[in-house]
1. Restrict the check to the stretch B:129-152 and report whether at least one residue is under 19 Å from B:Ala40 (Cβ atoms) and in a loop (DSSP other than H, G, I, E, B).
2. Of (1) within 14 Å of chain A (Cβ to nearest Cβ); (2) touching a helix residue (DSSP H, G or I) at 6+ places or on another chain (Cβ under 7 Å), B:Gln421 satisfies all except one. Which?
3. Pairs under 6 Å by beta carbon, first residue touching a residue at least 60 places away in the same chain (Cβ under 8 Å) in the stretch A:80-102, partner charged (D, E, K, R), six or more apart or different chains?
4. Of all residues being surrounded by 15 or more Cβ atoms within 10 Å (Cβ to Cβ) and within 17 Å of B:Gly316 (Cα to Cα) in the stretch A:1-41, which is farthest from the other protein chains (Cβ to nearest Cβ)? Just the residue, please.
5. Go through the stretch B:337-353 residue by residue and tally those that are more than 14 Å from chain A (Cβ to nearest Cβ), at pLDDT 95 or above and more than 18 Å from the chain's Cα centre (by Cα).
6. With respect to B:Thr30, is the statement that it is under 26 Å from B:Gln418 (Cα atoms) and touching a Phe, Trp or Tyr at 6+ places or on another chain (Cβ under 7 Å) true?
7. Checking the condition out of contact with any Lys or Arg (no Cβ under 7 Å at 6 or more places or on another chain) and not in a strand (DSSP E or B), which residue from B:Thr296, B:Thr238 passes?
Amino acid sequence: MVIYFDFDSSEVHPDDRIVVEAHAQILARDPSSEVVLEGHADERGSREYNVALGERRANGVRDMLRLLGVGDGQIRTVSYGEERPATIGHEEESWSRNRRVEFAYVAR
Amino acid sequence: MRTFRNWLFIVAFLAGASAPARAALEIEITQGLESATPIAVARFGHAGSGPAPPESISAIVAANLARSGRFAPLRDLPQHPVRKEDIRWPDWRRLRVGSLVIGSIEETVRGGAREYQVAFRLFDTFTAGQLAGQRYTGIRPDQLRWAGHQISDDIYYALTGEKGAFATRIAYVTETAGQEGEVVFALNVADSDGGNPVVLRTSPDPIMSPSWSPNGSWLAYVSFEGGRSRIMMQELATGRRQEVSAFPGINGAPAFSPEGRRLALTLSRDGSPDIYVLDLASGELLRLTTSPDIDTEPAWAPDGRTLVFTSDRSGGRPHLFRVSAAGGDKPRRLTFSGRYNARAAFSPDGSRIAFVHESESAAGYRIAIMEVGSEKVDVLTNGILDESPTFAPNGRMILYAATDRDRSALAAVSIDGQFRQRLSIDEAGVRDPAWSPRLARR
């Protein structure tokens, strides 16, 4: 699952709240489950700054999950910045699909 | 917590085995200079019983001089003299070529191993006087390119009075498609002319931000192996790797201090990305910034007393700030114009910084330069996604990454913006360049 962000923003869209809530329920139901929140940025600007922007997005989602009752130990974040784009392209349509947080459940 | 002392990953250095094609960077001069000085580099004579040497020193020298932007090596030479007595001075004067390089490569066998003696002489063709000359002995076959670069530095110095930056290397990251279409990231180093490329590390996970140790023996870089960020150090000669930092959150933007004993880095372990300095011997961390905002991309001033970094602490847009390396002081803002200023690199003499800049008026991320202590920004490039500037160790050129023709490549621009080149590899994206310090013979 993926949620997308506006340019230079780490705010979860009101429309995507329901997605985060659904993940919170899954995680709350099974306290042994774990999710990695992968933060990403678009390619514009410098690479390390983009790692920081991606982390801010992942942390925003993490904080929401915590508020919804998910345990700290169930969430890990990692930011890939612009290093792992979902789409290659140098225009807003591609950029908007690369500013994202992916939910990756840890296989056990 | 793991520190420098824990040698977690010690792996054999095997560049060949599973590495992608070791394609060399191809250099194309995209904007030349009318004012480039004509010079002739004659084919070096070869003495010895064996086959011709594996490298053409004169070709390396001529290409280097052309790449500097300051010289225009002659293509078709009327003669290829080897000794001074062979030079037909009037021929060169008629062509208005004021400088002529001649040289020789002599092959010897010592202890069963072949080695070379490489000598050159630089003449002023109008006075027939020698301007420079040098003999390098005990050159192994794999050091011939180094000899060519060293001779280029000698000639450059003799003719310009400035040190060259030819006997140096560049590190860069490539991205290629693997056999299954998967992305393969690689950390590479090559001579400053793209020759002699070596793959230091390949990974299915991203590799970022290589930084040279000041003696040129180690690279620090960011690796995402295992699905988290960590800073690794790798010794070039042996391939030996060690983990330097693997805290929760970001481990990024490593930068060796000028004396090589410390590493500046970005860590978000305390909540938000901040600048730290790691003492490599003791593993002790000194925290330099404490804002709840983004602080990253530390760059050491060459005197080691301050660092410049990127922060969005004033109004949410990234700008450059300066902070004392000793810690404890309040960062001072350096950039005030433009929408975006990030990823600073100091010129070797500390007088200038280069950085990624987006102006108020034009969309696009470009490389700009600023005198330290001034607020005037000079934009040097005209791309839309230019990033990662790194100075040549003589301060004359800036190497950076640019995205054009749908693939990232490297590009270089002289600090006056007059001379440009593009360094690309077919079938590979190239980025994150880092220019080495001057290097001794390896």
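The values are calculated or read from the model by the stated rules, or taken from the named source; none is laboratory data. Remember, it's a predicted structure, so these values are computed and weren't measured experimentally. FYI the Cβ positions are ideal-geometry reconstructions off the backbone, even for glycines, and counts take in every protein chain you see.
1. Scanning the stretch B:129-152, I find no residue that is under 19 Å from B:Ala40 (Cβ atoms) and in a loop (DSSP other than H, G, I, E, B), so the answer is no.
2. Tallying (1) within 14 Å of chain A (Cβ to nearest Cβ); (2) touching a helix residue (DSSP H, G or I) at 6+ places or on another chain (Cβ under 7 Å), B:Gln421 fails exactly one: (1).
3. Matching pairs, first to second residue: A:Ala86/A:Arg97; A:Trp95/A:Asp42; A:Arg99/A:Asp42; A:Val101/A:Arg57; A:Glu102/A:Glu38.
4. Across the stretch A:1-41, the extreme among qualifying residues is A:Phe5.
5. Narrowing the stretch B:337-353 to residues more than 14 Å from chain A (Cβ to nearest Cβ): B:337, B:346-352.
With at pLDDT 95 or above added as a condition, the list becomes B:346-352.
With more than 18 Å from the chain's Cα centre (by Cα) added as a condition, the list becomes B:351.
Count: 1.
6. no
7. None of the other options fit; the residue is B:Thr238.
Results for (1) of a type in the set (Asp, Glu); (2) closer than 30 Å to B:Arg140 by Cα; (3) crowded, with 23+ Cβ neighbours inside 10 Å, shown as yes or no for each residue.
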residue	(1), (2), (3)
B:Asn394	no, yes, no
B:Tyr400	no, no, yes
B:Thr403	no, no, no
B:Asp406	yes, no, no
B:Ala409	no, no, no
B:Phe419	no, no, no
B:Arg422	no, no, no
B:Arg441	no, yes, no
